[in-house]
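A short reminder: the numbers here are calculations on the coordinates, not readings from a lab. Since the model is a prediction, treat every value here as computed from it, not as a measurement. Positions of Cβ are generated from backbone atoms using ideal geometry, with glycine treated the same way; all protein chains shown enter the neighbour counts.
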């Protein structure tokens, strides 16, 4: 699977520093593949070229001088003498730069295949074809209980490769009542693609979503929305964005811009904190530095998320973010809905989530057979009565409309399958304010809460 390394580079600083490198034995050195071993001349040229590139091109001039000085000081102190292979030098330099600038986009890489300079921001036709096969980094789109849309977004690849996939995802989810964008694994990519997402979540004339201010020539790039008319998801339906520490760069920009626009509620953990756009700079001998050469300036906040990350509106462990966002979406929809039938269906979806979470966590108390036996009827809308009876120690479900009876098979918590029916047919129970409630979950019908008489 293609990663968007040339578009958004994340470095977590997991490699050893030069001072901690052990001496290498002759056998270890001779086992290195041809072209990987480096000598003093290569080290000197790479280090000198790196220092010059940092000083002249890193986005923050003061930090650029500090980084260049740090590389030269370590070079002068012979800190890299024991680094004998090219990949190792790239790792050590990356770690050293991270310790100074704390910029997770800044990293040095080595390619065993000779690199050719390419125009900034260009992507080959072959790579575009591969990216299109990944469906714009949208691997999953579905409609959750309560008519809540869900879209997993694992990256924001170049807009040429992503636009049609984004359009198809929003078309599929167009008639949902709320939307969850799962940004937890989004490592970044193209800010133009971020603007496409914002376009689908806004209305009206185009506006600037974000800007990049480049050190070179004081250039400013603006990224604007596109007016989509009826294709837009609109601005009234609730939107939630899930985040994690793995949300980075363009993934963070998507969450940050929507948060700044007050268009989405961010649910999850603080993101990685990498905002500086990157330009690849070749520094000789097949080494390259991903150079943060610009700075994001959001037109609303006047700043970006560099080093601090995007702070969630609802802090929760990333693993629990989807469940929390789904529950929040249903709560919001209940508060927005006056129609009693629609309201009852949303409340049923909320009970389903609650019983699933309770069952999976093991926190709930299982109700006894005697507590479950009885007649259950909808409280606020018309509907059939469901009977739970006990026969020979087994719970049975009966419905007063002639549907055949089925035995209940305990799944977990207070959730039961129905004997003889496929997966997805579930009867769940809960005790709510002293009342026992029942929910019929069926693939073809919206769940409605019934209360024991």
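Worth pointing out:
- Estimated 222 nm signal from helices in the chain, with DSSP H stretches of n ≥ 4 weighted -39500 (n - 2.57), rounded to 500: -10000 deg cm²/dmol
- Theoretical gain in end-to-end length, residue 363 to residue 400 [0.36 nm per residue, Cα-Cα removed]: 10.0 nm
- 11 Å reach of a label modelled at residue 216, 7 Å along Cα-to-Cβ, counting backbone N of segment 272-316: 279-282, 291, 293-294
- Span from the segment 245-281 Cα centroid across to the segment 120-151 one, whole angstrom: 18
- Each of 138, 143 was scored by other Cβ atoms within 10 Å of its Cβ. Arranged with the fewest first, they read 143, 138.
- Cβ crowding within 10 Å ranks 328, 128 as 128, 328, fewest other Cβ atoms first.
- For the chain: relative contact order, % (alpha-carbon pairs under 8 angstrom, 6 or more apart): 12
- Taking label points 7 Å from Cα along the Cα-to-Cβ direction, residue 100 and residue 231 give a separation of 4.6 nm.
- Shown for 180, 300: other C-beta atoms within 10 Å of each C-beta, ranked fewest to most, produce the order 300, 180.
- Pair residue 207, residue 160: separation of 7 Å Cα→Cβ label points (nm): 3.1
- For peptides 436-442, 290-296, 243-249, sequence by mean Cβ density within 10 Å, most packed first: 243-249, 290-296, 436-442
- Distance from segment 36-62 to segment 300-355 (C-alpha centre basis), Å: 47
- Over segment 213-341, relative contact order from alpha-carbon pairs under 8 Å, at least 6 apart, %: 27
- Here Rg/Rh (Cα atoms, Kirkwood Rh) was computed from the coordinates, and among (1) 1.11; (2) 1.01; (3) 1.63 the match is (1).
- Of all beta bridges that DSSP places with both ends in the chain, some 80 percent have antiparallel geometry.
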